[in-house]
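**Q** I'd like to ask you about the structure that follows.
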Amino acid sequence: MDLQKRVAELRQYVDFGEADARCLADVRPLLAPDFARIAQEFYDKIREHEEAHAVFTGEEQIARLQRSMQVWLGRLLGGTYDAAYYAQTQHVGEVHVRIGLPQRYMFTAMSRIRLELVRLIVERAPDRAKATNAALHKALDIELAVMLESYHDAMASRVERRRALEQESGAIARADVAAIELTRELVVGVDDGGVIRLFNAGAEETTGYGREEMIGQKLVAALVADESRDAVEKVLADTKLNRFSVDGFVKTRAGKLRDVRWDVARTQIGNIHVFLIGHDYTEERALAELSRRSEKLAAVGTLAAGLAHEIRNPLNGAQLHVSYLERTLKRANASAEMLEAAGVIGDEIKRLAKLVTEFLDFARPNPIERKTTSLGALVERAAGLIEPEATQAHVKVIRDMPSKDIEADVDASKIEQVLLNLARNAVEAIAPVISNGGSGRVTLRLRRQPKAALIEIEDDGPGLQSENAPIFDAFFTTKPQGTGLGLAITHRIVTDHDGTIEVDSHAGHTVFRITLPLRGATENVS
Amino acid sequence: MEPALILVVDDDARSARTLANMLREDGFHVDVAVDGASAIARLTRAPMPSVLVTDLRMPNADGVAVSVFARSRDAEIPIIVVTGYPHLADRTLSPKPIVLTKPILYDDLSAALARVGVRSS
């Protein structure tokens, strides 16, 4: 119950109302001159009592408590008894616990104060002494009740703390016991009947079970998962084995299985006959598994890359012989069909060569080499490089640059590759529309964002065929001659720069947005 | 002027021979070696070729070894590397070799030969 409710209940119980509050406030000026004296006499009296006096640390503390008492007397007759008032009263009870004042002194001390105040009221306000004293009794009793309550609460939490401390100090009394509680390994001891008698913190943490649940249970039934029960039971039953290891799944409270390697020692200490020290290697095993898998993947990648390189040799032979064939056919005035056939072979070889090169780019990317680079110059250069192809396809290249250049730490040749790739895609996307009499524009736009540079490659071509097409996946392509690696490489380069790339496309408007973080640049500014 | 002598080194013997035929048709003198060791052996004899066109990955001494040996005989000999492994080319050589990635177009090789200043008859 909260303080306010508690006090309201008490006030109602003793029937303490506004009239009582006013009575007390009215006599305060008459009694105030005596507050210091009352406090003084009160503490002087305590000095006479050995046990009560023993709680004080010295004169300084007594002087402080004496001042507190004067303040309290003022509050008591202050006429305002709100939540803040009782919070202070509550605090008094807590202080009593802190200084170790036995509760009996609280009551007897209050009795002394009460008698003195009653005497003063009768002496100085005889006409209203009856009502005022009744109010005083009620007020003081509420005081006592609140202090008692808070004393009790504070004492209870103190006892709790002490118990925890005692447990702790009991445990650290012996370093070896402490070590067992500190280790993350599971330490379990069982008696001659296979019943758990020791269950350390590590075992609690790994299994999710508390020792109060586990001690007294049969080890195998309680902890060992069905999958490894037979194996564990067998070795445990073999009394000829004094020191051995056994792997077994431990099932946790949550029903999970943990891989635990148990180091088992048969030795009798007290009622414990077998000690089991368990090492949970679930994560280690998972990590090892993962690294084995990625090694395998890397090996496959290396193999594929090696194969790709080696494909270039027969391709070279084929290419040279096609050139030779074309030359010979021309000299022999061969038909256009034959020359075209030879040309097709040549084109197919070029296509394979491109696939190999892009695959190698993708499978074995060179690490990026960052240098502070003018993005304006980079975009300008990409626009210049794409312009001849664009002009040939009747596509206009538009540069939309910021008023102030942006510098970023990037691998310039890689980002150039990205911009060229996207710009070339854009030109190729528009080209078919132009041949139908349309007009085409590709815009390269550079903008500054708070923490990044934004580069947009925009075109007014027909747009992506499907919005959800996995265009950044390797080997996805919509172009008859495409390798499906261009955008995958583009994506890889941008993400290697910790940047992002996204696309927004509908008929007549497609924009690829690249953001590149301005790490170096922003640090310089700040 | 005497036409330039080109040493073509490639372990793909058929391609090397076809390339040599085309180059001869275009008025060059051409010698062919089909592995690194025979290329080095050829380089010990006169006349010294005026340009080396070499593959990289070959049995019995690779293209890098052939290049280094060629430069030991003629510090200025132009080298054109034709390889499926362009990243393995020795770019520390000076003057730098021209690196062409397989498969090459005959015209690309012609252009490279023109760049290093060798001429046919």
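The values are calculated or read from the model by the stated rules, or taken from the named source; none is laboratory data. Not measured: the values here are computed from a predicted model. Cβ placement follows ideal geometry from the backbone for every residue including glycine, while neighbour counts extend to all protein chains displayed.
**Q** (1) part of a helix (DSSP H, G or I); (2) in the same structural domain as A:Gly499 (by TED's automatic domain parsing); (3) hydroxyl-bearing (Ser, Thr, Tyr): which one isn't true of A:Tyr324, the others all being true?
**A** (2)
**Q** Please count how many residues of region B:91-121 are among the β-branched types (Val, Ile, Thr) and touching a helix residue (DSSP H, G or I) at 6+ places or on another chain (Cβ under 6 Å).
**A** Adding up the residues that qualify gives 3.
**Q** So, one more: How about region A:54-77: which of its residues are loosely packed, with under 13 Cβ neighbours inside 10 Å, more than 29 Å from A:Arg28 (Cα to Cα) and either at pLDDT 75 or above or in contact with a Lys or Arg (Cβ under 9 Å, 6 or more places away or on another chain) (or both)?
**A** Once the filter is applied, which keeps residues that are loosely packed, with under 13 Cβ neighbours inside 10 Å, more than 29 Å from A:Arg28 (Cα to Cα) and either at pLDDT 75 or above or in contact with a Lys or Arg (Cβ under 9 Å, 6 or more places away or on another chain) (or both), region A:54-77 yields nothing.
**Q** Among the residues in region A:201-208, are any buried (at least 16 other Cβ atoms within 10 Å of the Cβ), under 18 Å from A:Ile269 (Cβ atoms), at pLDDT 90 or above and not aliphatic (A, V, I, L, M)?
**A** no
**Q** Go through region B:37-95 and give me each residue that's without any contact (Cβ under 8 Å) to a residue 24 or more places away in the chain and aliphatic (A, V, I, L, M).
**A** Selection gives B:Ala41, B:Ala46, B:Ala75.
**Q** What is the one condition in (1) surrounded by 14 or more Cβ atoms within 10 Å (Cβ to Cβ); (2) closer than 17 Å to A:Val187 by Cα; (3) not aromatic (Phe, Trp, Tyr) that A:Val235 does not satisfy?
**A** (2)
**Q** Would you please name the residue that is surrounded by the fewest Cβ atoms within 10 Å (Cβ to Cβ), looking only at residues in region B:109-121 that are of a type in the set (A, V, I, L, M) and within 14 Å of chain A (Cβ to nearest Cβ)?
**A** Top of the filtered list is B:Ala111.
**Q** Still on this structure, I have one more. Within region A:6-33, which residues are more than 55 Å from the chain's Cα centre (by Cα) and crowded, with 18+ Cβ neighbours inside 10 Å?
**A** First, pick out the residues of region A:6-33 that are more than 55 Å from the chain's Cα centre (by Cα): A:19-20, A:22-33.
Passing the criteria: A:Asp20, A:Cys23, A:Leu24, A:Val27, A:Leu31.
**Q** Shifting gears a bit: Tally the residues that are free of Cβ contacts under 8 Å to residues at least 12 places away in the same chain and within 11 Å of chain A (Cβ to nearest Cβ), restricting the search to region B:15-27.
**A** Residues meeting the conditions: 4.
**Q** Okay, next question. Please give the number of the condition B:Val30 fails out of (1) within 14 Å of chain A (Cβ to nearest Cβ); (2) closer than 30 Å to A:Leu355 by Cβ; (3) of a type in the set (A, V, I, L, M).
**A** Condition (2) is where B:Val30 drops out.
**Q** Just the residues that are at the interface with chain A (Cβ under 9 Å from one of its Cβ atoms) and either under 24 Å from B:Asp74 (Cβ atoms) or in a loop (DSSP other than H, G, I, E, B) (or both), please, taken from region B:89-108.
**A** B:Lys102, B:Pro103, B:Ile104, B:Leu105
**Q** Would it be correct to say that A:Val442 is surrounded by 18 or more Cβ atoms within 10 Å (Cβ to Cβ), modelled with pLDDT of 90 or more and assigned to a helix (DSSP H, G or I)?
**A** Working: surrounded by 18 or more Cβ atoms within 10 Å (Cβ to Cβ): yes; modelled with pLDDT of 90 or more: yes; assigned to a helix (DSSP H, G or I): no.
Criteria not met by A:Val442.
**Q** Hey, another quick one. Evaluate the following for B:Thr83: is it among the polar types (S, T, N, Q), at the interface with chain A (Cβ under 9 Å from one of its Cβ atoms) and within 18 Å of B:Ala33 (Cα to Cα)?
**A** Answer is yes for this residue.
**Q** Looking for whichever is among the acidic types (Asp, Glu), within 37 Å of the chain's Cα centre (by Cα) and either in a helix (DSSP H, G or I) or surrounded by 17 or more Cβ atoms within 10 Å (Cβ to Cβ) (or both) here; the options are A:Glu149, A:Glu181, A:Glu94, A:Glu123. Which one fits? Full working, then the answer.
**A** Values: A:Glu149 fails: within 37 Å of the chain's Cα centre (by Cα); A:Glu94 fails: within 37 Å of the chain's Cα centre (by Cα); A:Glu123 fails: within 37 Å of the chain's Cα centre (by Cα).
Criteria check complete, one pass: A:Glu181.
**Q** Tally the residues that are among the hydrophobic types (A, V, I, L, M, F, W, C) and in contact (Cβ under 8 Å) with a residue 40 or more places away in the chain, restricting the search to region A:106-162.
**A** 20
**Q** Something else about it: Picking from B:Asp12, B:Asp35, which residue would you name as being within 20 Å of B:Asp90 (Cα to Cα), charged (D, E, K, R) and either touching a helix residue (DSSP H, G or I) at 6+ places or on another chain (Cβ under 6 Å) or more than 10 Å from chain A (Cβ to nearest Cβ) (or both)?
**A** Selected residue: B:Asp35, the only one of B:Asp12, B:Asp35 that is within 20 Å of B:Asp90 (Cα to Cα), charged (D, E, K, R) and either touching a helix residue (DSSP H, G or I) at 6+ places or on another chain (Cβ under 6 Å) or more than 10 Å from chain A (Cβ to nearest Cβ) (or both).
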